[in-house]
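The values are calculated or read from the model by the stated rules, or taken from the named source; none is laboratory data. Because the structure is predicted, anything quoted here is derived from the model rather than measured. Ideal geometry is used to build each Cβ from the backbone, glycine not excepted, and the neighbour counts take in all protein chains shown. These accessible areas exclude ligands, DNA and RNA; they are computed on the full protein's heavy atoms, side chains included. Shrake-Rupley method; radii C 1.70, N 1.55, O 1.52, S 1.80 Å.
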Amino acid sequence: MKHFVGIDLGGTELKIGIIDERGTILYKDAFKTDVSQSGPRMVEYMAQCARTVTERAGLALKDLTGIGIGSPGLLDPEKGQLKIVVNIPTLNDVYVAPEISRILGVPVYLDNDVNAMALGEMYYGAAKGYRDVICLTLGTGVGGGLIFEGALYRGASFTAGEIGHLSIDPDGLYCPCGNYGCLERYVGRDGIVTRAKSYLSKGMKSTIGDHLDNGEITPRAISKAAEAGDALAIEVLAETGKILGIAMASLTNVLNPQVFVIGGGIANAGDLILEPARRELKKRAYTIPAQAVQVLQAKLRNDAGIVGSASLAVSRS
Ligand SMILES: [Zn+2]
């Protein structure tokens, strides 16, 4: 049996787990990230944490086929180099994969976290058995991962998959990326919450106020209200799905994927978003690719980071 370690690099913690070739997590743990540490110290720490997880799973480093690191930000997967990690700037320009590989004597692969999740969903999650997969994560931002013929598509300079920055409205909301009307501004966290607030400010009745998170309206609060039958919350999520469906229809026409896998916290709303998205996709896309494509909710959920990162090593084994 082969074993793979997945390191999900985050600004507040490192989530590290070890999986077998069936995708079963044998052991996982989370380690605090100290962003004040120097780059070399962070690399040492990551290696040490990976070693700890391996030992706690009852294995040795020689039992590992590979280690995968999923990271946010800009990076070079061929060189294993992080370029810009906004939450952990001391790692900028650090060759994290070759360095950890040198310390532990195990092959290490680096890629962005959404690409990692897309692979994880294809090997072990909702897209199992498919080879042309588009993965979307809905959270604060909207990320995308593209897999064609079973392999990640990274583009000429490794930035492919920025689905959150597809323009869906030429005169729409300003986006920090410099463009206007980007998808992310409408189906990301802030877009959803802003839409809900604007309806509420017009005096529309809703029970969203009964489900607040620490006094705040969040996508989760809106989902809870929608699940309890709140019409306004259902409408806000349906609009979100509709906008998502507009983008997915274009992607379907261009790329003819077998499946969209939708993950991230906001996707926990499930069919409240996905069903309107499917309807809009079918309405707008060409018939043949629209009939071929499935829109599925991601399966790996909270383990997407670990299993996805480990899948970067699985894909090279
Ligand atoms: Zn943008």
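Each row is one residue, and each column tells you yes or no for (1) open to solvent by less than 30 Å² (accessible area, probe 1.4 Å); (2) assigned by TED's automatic domain parsing to the domain that holds Thr65; (3) basic (Lys, Arg).
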| position | (1), (2), (3) |
| --- | --- |
| Arg154 | no, no, yes |
| Ser157 | no, no, no |
| Ala160 | yes, no, no |
| Leu166 | no, no, no |
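Looking only at region 1-14, decide whether some residue is surrounded by fewer than 18 Cβ atoms within 10 Å (Cβ to Cβ) and among the aromatic types (Phe, Trp, Tyr). No. Is at least one residue of region 242-249 open to solvent by less than 30 Å² (accessible area, probe 1.4 Å), outside any helix (DSSP H, G or I) and of a type outside the set (Gly, Ala, Ser)? No.
Report whether or not Ser198 is at pLDDT below 95 and over 16 Å from Gly264 (Cβ atoms). Steps first, please.
Numbers: at pLDDT below 95: no; over 16 Å from Gly264 (Cβ atoms): yes.
Considered against the rule, which asks whether it is at pLDDT below 95 and over 16 Å from Gly264 (Cβ atoms), Ser198 comes out as no.
Among residues of region 178-202 that are in the same structural domain as Gly263 (by TED's automatic domain parsing) and on the phi > 0 side of the Ramachandran plot, those with a beta-carbon under 9 Å from a residue that is of a type in the set (D, E, K, R) and within 16 Å of the ligand (Cβ to nearest atom) at least six positions away or on a different chain give the pairs Gly181/Asp169; Gly181/Asp171. Residues that are small (Gly, Ala, Ser) and in contact (Cβ under 8 Å) with a residue 40 or more places away in the chain within region 91-124 comprise Gly105, Ala116, Ala118, Gly120, listed in sequence order. Scan region 16-29 and tell me whether some residue there is of a type in the set (Phe, Trp, Tyr) and free of Cβ contacts under 8 Å to residues at least 24 places away in the same chain. No: region 16-29 contains no residue that is of a type in the set (Phe, Trp, Tyr) and free of Cβ contacts under 8 Å to residues at least 24 places away in the same chain. If you take the residues of region 74-99 that are open to solvent by less than 50 Å² (accessible area, probe 1.4 Å) and part of a strand (DSSP E or B), which of them is nearest to Phe31 (Cα to Cα)? The qualifying residue nearest to Phe31 (Cα to Cα) is Leu82. A residue that is assigned to a helix (DSSP H, G or I), within 23 Å of Ser198 (Cβ to Cβ) and out of contact with any helix residue (DSSP H, G or I) (no Cβ under 6 Å at 6 or more places or on another chain) can be found somewhere in region 258-266. Taking the condition without any contact (Cβ under 8 Å) to a residue 40 or more places away in the chain and either in a helix (DSSP H, G or I) or within 16 Å of the ligand (Cβ to nearest atom) (or both), does Thr252 pass? Spelling it out, it is not the case that Thr252 is without any contact (Cβ under 8 Å) to a residue 40 or more places away in the chain and either in a helix (DSSP H, G or I) or within 16 Å of the ligand (Cβ to nearest atom) (or both). Looking across region 128-152 at every residue that is within 14 Å of the ligand (Cβ to nearest atom) and not in a loop (DSSP other than H, G, I, E, B), the one that is surrounded by the most Cβ atoms within 10 Å (Cβ to Cβ) is identified as Val142.
Any residue at all in region 205-220 that is within 19 Å of the chain's Cα centre (by Cα) and open to solvent by 50 Å² or more (accessible area, probe 1.4 Å)?
Our first condition is that a residue be within 19 Å of the chain's Cα centre (by Cα); within region 205-220, this holds for 218-220.
With the extra rule that they be open to solvent by 50 Å² or more (accessible area, probe 1.4 Å), the set shrinks to 220.
Yes - at least one qualifying residue is present in region 205-220.
Go through the residues of region 108-125 one by one and say whether even a single one is in a strand (DSSP E or B), within 18 Å of the chain's Cα centre (by Cα) and within 15 Å of the ligand (Cβ to nearest atom). No, there is no match, as no residue in region 108-125 is in a strand (DSSP E or B), within 18 Å of the chain's Cα centre (by Cα) and within 15 Å of the ligand (Cβ to nearest atom).
Residue count for region 160-179 under the criterion of being near the ligand (Cβ under 8 Å from one of its atoms) and more than 15 Å from Ser250 (Cβ to Cβ): the result is 5. Filter region 15-37 for residues that are open to solvent by less than 50 Å² (accessible area, probe 1.4 Å) and modelled with pLDDT under 95 and give the result. Selection gives Thr33, Gln37.
Residues in region 56-73 that are in a loop (DSSP other than H, G, I, E, B) and either within 28 Å of Asn87 (Cα to Cα) or among the hydroxyl-bearing types (Ser, Thr, Tyr) (or both): Pro72, Gly73. Scan region 180-189 residue by residue and report those that are near the ligand (Cβ under 8 Å from one of its atoms) and of a type in the set (Lys, Arg). Matches in region 180-189: Arg185 only.
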